Amino acid sequence: MSNVAANVEAPPTVSAATDAASNNPATSNAPAPQADVAAISQKLDSAIREAIGNESDDISVSVQRLTDGASASVNGNRVYYAASLFKLAVLYEVEHQRTTGDLDITGRVTLTPDDVAEDLGTLSRLGVRAGDSLPIETALRAMVTYSDNSTAVALLRLVGAANADHSLRNLGILHTDVNTRMLPTTADDMAKLMAAIVQGTGLSPEAAAEMRSLLEQQEVRAGIPAGLPAGVTVGNKTGTWDGNTHDVAFVDAPGGAYVIAVLSDRGQSWQPIENVSRAVFTTLSEND
């Protein structure tokens with residue numbers, strides 16, 4: 001088993017921020033007055049708690065609208081096993097090193113026997129074995145869109161787990177760690193990371209656009225996306241394991257883009273996440 005990704009789902013310093021969101025219509029709406037933001041945040045908190053109901057001991061939620069800062073956090077600092085959510089940190093670090101010039105995104109990454117040992121059934125889609133190399137861009141797509149483990153571990157080794165953690169700290173993400181088998185994270189951390197991805201913090205416009213595109217192609221849509229109306233653009237990353245079901249996403253809602261993280265201690269339990277997603281979208285839409 002790898003030291004960085006055991007038991008995961010089928011699992012440099014950050015430069016000055018580049019606001020990729022300025023080119024996104026969903027994030028360019030004028031912010032609401034501060035009094036309105038506070039009221040919206042309170043309604044959002046109430047809606048989330050109502051959607052969670054008596055499952056509050058098992059679920060954490062963190063939401064932030066990027067246009068005006070309206071937000072809510074319910075059990076947001078509770079620590080969970082990240083499962084495949086660690087792949088968001090790997091994705092960010094690959095694109096960050098692409099931005100700084102420390103990584104040639106057109107290069108290749110080689111799979112070691114340890115990488116292949118992490119496969120939970122998806123590696124066959126790539127047609128590669130231990131000792132083979134594949135384009136970094138292909139590995140990224142496999143890691144994000146169908147959550148391949150072997151490519152994720154190979155990419156993390158390529159960019160360095162310590163570097164990934166360092167970049168997380170520079171983003172103000174303090175409780176998530178990809179340099180340990182424990183893979184801890186929180187809903188607040190994951191929402192913050194998704195916000196950095198959407199806003200292009202520390203990333204070139206090209207890197208930020210690639211991250212958004214990959215997340216929009218995520219194949220597992222049973223959680224946050226299932227709670228949204230048809231036609232709403234959403235990019236997400238799931239994380240599941242025995243006793244954990246997580247989903248993190250950005251949503252390009254008509255009233256302004258927002259990020260949402262829903263983490264739970266319930267295995268393969270998507271309905272509560274869908275319920276929270278629907279409640280959040282509805283609440284923020286009521287205050288457009």
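A few comments on the model shown:
- Taking a ≥ b ≥ c as the square roots of the eigenvalues of the Cα gyration tensor, the range 36-177 is classed as prolate, since a/c reaches at least 1.5 and a/b is larger than b/c.
- The range 20-286: radius of gyration and largest Cα-Cα distance (Dmax), Å: 17.8, 59
- Here the range 103-166 is assigned +1 on the Cβ of each Lys and Arg and -1 on the Cβ of each Asp and Glu. Its dipole about the Cα centre then comes out at about 160 debye.
- Basic side chains Lys and Arg get +1 at the Cβ, acidic Asp and Glu get -1 at the Cβ, and with that the dipole of the chain about its Cα centre reaches some 100 debye.
- With a cut-off of 11 Å between beta carbons, the residues surrounding I197 carry a summed charge of +1, where Lys and Arg count +1 and Asp and Glu -1.
- The residues neighbouring V144, those whose beta-carbon lies less than 12 Å from its own, together hold a net charge of -2 under the Lys/Arg +1, Asp/Glu -1 convention.
- The simple spin-label model puts a point 7 Å past each Cα toward its Cβ; for Q217 and E286 those points are separated by 3.8 nm.
- Ordering L123, G76, A257 by the projection of their Cα atoms onto the charge dipole of the chain, which places +1 on the Cβ of Lys and Arg and -1 on the Cβ of Asp and Glu, puts L123 at the extreme positive end.
- Positive minus negative residues near I224 (Lys, Arg vs Asp, Glu; Cβ under 9 Å): -1
- By the rule of a C-alpha distance below 19 Å, with chain neighbours fewer than 8 residues away ignored, the aspartates and glutamates paired with K192 are D19, D45, D68, E93, E95, D165, D177, E210, E216, D247, D252.
Laboratory data are not the source of any read-out in this text; all were calculated from the coordinates shown. Everything numeric here is computed off the predicted structure, so don't read it as measured data. Neighbour counts run over all protein chains shown; Cβ positions are idealised from the backbone, glycine included.
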